[in-house]
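Notes follow once the structure below has been shown.
Where a number appears in this text, it was derived from the coordinates with a stated rule and is not lab data. What you are looking at is a predicted structure, and each value in this text was computed from that prediction instead of being measured. Glycine gets a Cβ as well: all are built from the backbone with ideal geometry, and neighbour counts include every protein chain shown.
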There are 2 protein chains.
Amino acid sequence: MAAHPLDSLFHPRAIAIVGVSASEGARRSAFLGGLLDQQYQERHPLYLVHPRASEIQGVRCYPTVLDCLGPVDHVISSIPRVGVDALVEQCIAKGVRSLHLFTAGFSEAGDAESADAERAVIAMARASGIRVIGPNCLGLYVPSERIAFAPNQPKEIGTVFGLSQSGVNAIEMLQLAERGPRFSKLVSFGNGADIDAAQLLDYAAEDPDSVLVVAYLEGAGRGRELFAALKRCAAVKPVIVLKGGITATGARAAQSHTGSLAGSGAVFEALCRQTGAMLVDDMEELHDLAVAVSSGLRHVQGGRGILLGTGGGFSVLSADSIARQGLDLPELSEATRTALREYIPVAGNSTRNPIDATFLGGERLEIPEQVIALCARAPGFDLLFTSAEGPPPPDAAGGRPEERAEDRRPGAPDPDAEARAMARAERARSAAVYFGALQAESGRPLAVIRRGRDPVSTRIFFEQAYQHGVAAFPTVLRAARVVARLLRWRASREGLPPLF
Amino acid sequence: MAAHPLDSLFHPRAIAIVGVSASEGARRSAFLGGLLDQQYQERHPLYLVHPRASEIQGVRCYPTVLDCLGPVDHVISSIPRVGVDALVEQCIAKGVRSLHLFTAGFSEAGDAESADAERAVIAMARASGIRVIGPNCLGLYVPSERIAFAPNQPKEIGTVFGLSQSGVNAIEMLQLAERGPRFSKLVSFGNGADIDAAQLLDYAAEDPDSVLVVAYLEGAGRGRELFAALKRCAAVKPVIVLKGGITATGARAAQSHTGSLAGSGAVFEALCRQTGAMLVDDMEELHDLAVAVSSGLRHVQGGRGILLGTGGGFSVLSADSIARQGLDLPELSEATRTALREYIPVAGNSTRNPIDATFLGGERLEIPEQVIALCARAPGFDLLFTSAEGPPPPDAAGGRPEERAEDRRPGAPDPDAEARAMARAERARSAAVYFGALQAESGRPLAVIRRGRDPVSTRIFFEQAYQHGVAAFPTVLRAARVVARLLRWRASREGLPPLF
């Protein structure tokens, strides 16, 4: 099979950045910082183009693209718009394959002259076979090729393909890594004057390194091609779409941002429904749905849930949240309740549904393993919402470091801080492993709620839950919202073959 | 004016806790820990009642309440239900004024016998003039009297009166402190078998130490009294109500939790509308609305907003969020746009509305002061949504510690960490002060969005914003939701005198 026309875009064998300031104390180029952070230079040559400087941050500079010592596949432009024509000429002469225009001031400025300038630049580049990303965007994040938008972005190679018409929202997408999933490729494509959403979705459909696609779109230009690409892609992998400018107010903002004519929300909803894509309301839901379809929760078939292990009034509000999303918490059967009563004290607790098997007092709200297992196997339910605590560790009767710590007098020194942190991390890890095994054995989709205030062990829990195929969420509401979204999406796919 | 009948409840001159386990390694009493943490003993005597132990955690134990050396005003019971009758007899003999039953297993258990037992206990106590909090609750948090539910709860004395039928949700309410507002008094009253929501609201109405009331309710028992107390209280101070069990699913959960018959959501909505109370959907909104009514944002008169200072695609999604809440971002006048253009480069930015005066690249998205001031004074708008960055500090041109830090090579040691943290804290503080002065001078209500990932400086910003009368929120959506809620509440108060 021939490579996709866009394939070489993601494998540049040398990169040059044009427009990095050499002046001390000025804001450094995020692109240069990103490539240095990812150690791109260990793989391929990295050049800087600067009219006077000889080196910036240890990277050698050349006066023009043509002066770079070897071939250059990909050029990143941070220069003002006025210099772009000359840069394109250099790129043509150098045999550059792709040009990323961080440079803004083209069609998104909203005037005819700027739009004409954009068309002229794209036409000149395309006539010589140069593909353009942008203008007005962050370009490429490809961790397998050690390319990032900026420093301190994940180096792990994942399986999510992302495309975003907005740079800020591309960076927001990257936060998905904190929930577990990482990206194979993420393209911030701005105005999309050459490479656009339709082409990127077409590529994503056949990219073997990507099993899930997330997209932030503003315009719906080239509607026919977008429809075809969405349909092709959504037929083979989940495609989650967040549409900016879906309200009239947002649409005006989108026009200022990327020059997109947003079209109506209803049209876009129909587009997603007909192609099988999953349309979400906001970035949080995009993250939550990406987590859900990367886990056993993607198999959820209905809205009959069990809610386990959160306390009294919190359970009441959680039940309201679940019901508001159109899901239900039906009562457990008498047989299950009888079995549960062996492990749950009656006083102040409940064996109906929600099930309160915890007791008040801090973060350690452990649940007897038998209770969790009974809930995972109770007949007549579609999924289990459970708090992330998991069963108590084997040595719970003795004083664990995390337990002893609460006995400290306030203000007293805390010699056990490190031991407690390690114990919390280990608890998070073992709970995630436990839930992974439980879901695999019981076949019941899990939605695990981790509200922990400790960021380190919470991060570990999300990572490990993802690794073990378990969907974890920071709140019950977000879990319930995404389950309802999955169910509506499944119901709306009539006529399309099932994806999972 | 005579003291309110409940007043002495909040000023116990000696406390005894019954039911603290003496065994090593067992879960310690949160109540004992809370009183020790608040140093209640420096103010008044604290006794423990234990059949055998002579002291626990340094606090002397007595075999019965009667044996305590001095008078006891308030007794906290953690013993099992079976011992409560005998305890009440001791309390009567000792002349105790109030009894807090953490003890559960009464009416919330759902059977007739347990409900009868509850009635009997309450009748016995009341016949001797003892008021009862509970059963099945956390009781009192009164920082001015050094009383808390558990260790590590705020010691600062605030002006919010809280009542919660759920202990867990009382603790959730306390998280409001992280946004600035603290509590004068917070009562977790569980089943409310004696002291109930109506009595607490009646007290809150005339409590001079409380300017704002937040309530978590499950049941709507004694409906006539509840209506009267809500109306009385909401006439003189804002009353924010979160109702658990507002859906059928949640109502069943509420019945298991506190034995409450929840009634329908529609009835409760009418109750709030007619009394002038503010009904919210969830705990997040309770916090957000408490922040809003504690700030200049409470004066917002309409939904015409300006959105300032967030980047491109983020602005688009923010505009969608704002519009979905029924608010609007009308275009700025040509005069204002002309004035703004002096400070905002055209390329990639916008002087319409939303206004994008920032540039990409990390956390430091500063906005020229003139831009913020123009937006605060532009005619024809009701409020300003703005990112929390504020104007750049005077020395921004030079390399500040926080700026230099980004240039570090990854993995390199960071000698400036402390300086950077201090710089971030100082930036947060000065931005909050700036916004406070701006709101006071311009008279335009502000909703400031602080999405910072750094918890320390974010906490400082929220605290300082609150101190300077500025409402700050973690997301645009939450800010927009609470503004819409305030406007709907204001519109629904027809016939009631304005509160602010």
Note to self: Placing +1 on the Cβ of each Lys and Arg and -1 on the Cβ of each Asp and Glu in chain A, which of A:Leu438, A:Val49, A:Gln90 has its Cα farthest towards the positive end of the resulting dipole?
What the structure shows: A:Leu438
Checklist line | Estimated distance in nm for a label pair at B:Arg453 and B:Asp111, the labels positioned 7 Å out from Cα along Cα-to-Cβ | finding: 5.4
Next item on the list: Can you give me the span-like helices of chain A, meaning DSSP H runs with 27 Å or more of Cα extent along the axis and Kyte-Doolittle mean at or above -1.0?
Entry: A:417-442
Item checked: Two-site FRET efficiency, B:Ser21 against A:Asp209, from Cβ-Cβ distance with R₀ of 45 Å, rounded to 0.05 -> 0.20
Next item on the list: Considering the options B:Ala16, B:Phe106, B:Gly70, tell which one lies farthest towards the positive end of the dipole of the stretch B:1-136, charges being +1 on Lys and Arg and -1 on Asp and Glu at the Cβ, about the Cα centre.
Entry: B:Gly70
Next item on the list: List every residue whose amide H lies under 5 Å from the amide H of A:Gly192, counting only residues 5 or more places away in sequence or on a different chain, with H placed 1.01 Å from N in the peptide plane.
Entry: A:Gly134
Notebook entry, point to check: Can you list residues whose amide H is under 5 Å from A:Gly245's amide H, if they're 5+ apart or on another chain and H is modeled 1.01 Å from N?
Noted result: B:Asp320
Checklist line | Whole-angstrom gap from the stretch B:365-387 to the stretch A:99-123, using each part's C-alpha centre | finding: 29
Checklist line | Simple label model, 7 Å out from Cα along Cβ direction - A:Ser492 to A:Glu225, nm | finding: 2.5
Next item on the list: Go ahead and estimate [θ] at 222 nm for the protein assembly as shown from helices alone: -39,500 (n - 2.57) per DSSP H run with n ≥ 4, summed, over the residue count, rounded to 500.
Entry: -11500 deg cm²/dmol
Check: Please identify the trypsin sites (Lys or Arg not before Pro) of the stretch A:159-259 that satisfy two criteria: DSSP loop assignment and at most 16 other Cβ atoms within 10 Å. Which are they?
Finding: A:Arg222
Notebook entry, point to check: Between A:Ser430 and A:Gln370, 0.36 nm times their residue separation minus their Cα-Cα distance comes to what?
Noted result: 20.0 nm
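Please give the charge dipole size of the stretch A:201-311, origin at the Cα centre, charges +1 on K and R Cβ atoms and -1 on D and E Cβ atoms. Round to the nearest 20 debye.
360
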Margin query: What does the copy distance list look like for A:Val267, label position 7 Å along Cα→Cβ, in nm and ordered from shortest?
Written below: 4.9
Next item on the list: Take the alpha-carbon centre of the stretch B:409-488, take the same for the stretch B:285-299, and report the distance between them in whole Å.
Entry: 15
Next item on the list: Sort B:Ser21, B:Ser114, A:Ser166 so that the residue with the fewest other Cβ atoms within 10 Å of its own Cβ comes first and the one with the most comes last.
Entry: B:Ser21, B:Ser114, A:Ser166
Check: Got the B:Ser430 label distances to the other copies yet, label 7 Å along Cα→Cβ, in nm, shortest first?
Finding: 4.9
Check: Relative to the other copies, what are the label-point distances for B:Asn152, with labels 7 Å from Cα along the C-beta vector, expressed in nm at one decimal and sorted shortest first?
Finding: 2.6
Note to self: If you average the C-alpha positions of the stretch B:1-75 and of the stretch A:139-217 separately, how far apart do those two centres end up, in angstrom?
What the structure shows: 59
Note to self: Can you list residues from other chains, or at least 5 along the same chain, whose modelled amide H is less than 5 Å from the amide H of B:Ile147?
What the structure shows: B:Val142
Checklist line | Dipole magnitude of chain B, debye to nearest 20 (Cβ charges: Lys/Arg +1, Asp/Glu -1, about Cα centre) | finding: 500
Notebook entry, point to check: Could you give me the ³J(HN,Hα) list for the stretch B:57-67, computed from phi with Karplus coefficients 6.51, -1.76, 1.60 and θ = phi - 60°, whole Hz, x at Gly and Pro?
Noted result: 6, x, 9, 5, 10, 10, x, 9, 4, 5, 7
Check: When chain B is turned about an axis onto chain A, which of its residues keeps its C-beta closest to that axis, and how many Å is it?
Finding: B:Pro455, 4
